[in-house]
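First up is the structure itself, then whatever we jot down about it.
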Amino acid sequence: MLDADLIKDEPATWRLNQPLVYQSDVAGQTFTVPAGFVTDLASTPRIPVVYEIAGGVANMASVVHDFLYTAHPVTRDIADAVLREASIATGVPAWKADLMYEGVRLFGATHWSRIDG
């Protein structure tokens, strides 16, 4: 299930008000994002066409993805696959989930590496 309360924290971030639990078939495990986790949701470029297609969708899936990129309980490729899976599970059309997946595969490495230090 992907349903949790988000509270606006800063101009570009949100804070999870309660734990968010997601059971992933792709990863073969359950992830619990703790209450208080801070996220920027989907880091969609503000390029008009890109943002129009993928901006503001899959918020709960994006919270899980941000958590996976922060905690590293799985490899980056699995974390990105979980984003796609969770997006579809929350009603995002497969073609949009595919675009989001391709975006994080192409541009997410710097965020993953930055967290590794």
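Is at least one residue of the range 93-107 closer than 18 Å to Ala27 by Cα, modelled with pLDDT of 90 or more, assigned to a helix (DSSP H, G or I) and in contact with a His (Cβ under 8 Å, 6 or more places away or on another chain)? Scanning the range 93-107 turns up no residue that is closer than 18 Å to Ala27 by Cα, modelled with pLDDT of 90 or more, assigned to a helix (DSSP H, G or I) and in contact with a His (Cβ under 8 Å, 6 or more places away or on another chain). Mind listing whichever residues of the range 8-53 are at pLDDT 55 or above, over 17 Å from Pro73 (Cβ atoms) and aliphatic (A, V, I, L, M)? Those that are at pLDDT 55 or above, over 17 Å from Pro73 (Cβ atoms) and aliphatic (A, V, I, L, M): Ala12, Ala35, Val38, Leu41, Ala42, Ile53.
For the range 12-22, residues that are of a type outside the set (Phe, Trp, Tyr) and under 14 Å from the mean Cα position of the chain (by Cα) total 5.
The values are calculated or read from the model by the stated rules, or taken from the named source; none is laboratory data. Bear in mind the structure is a predicted one, so any value in this text is a computation, not a measurement. Every residue, glycine as well, gets a Cβ built from its backbone with ideal geometry; the counts of neighbours run over all protein chains shown.
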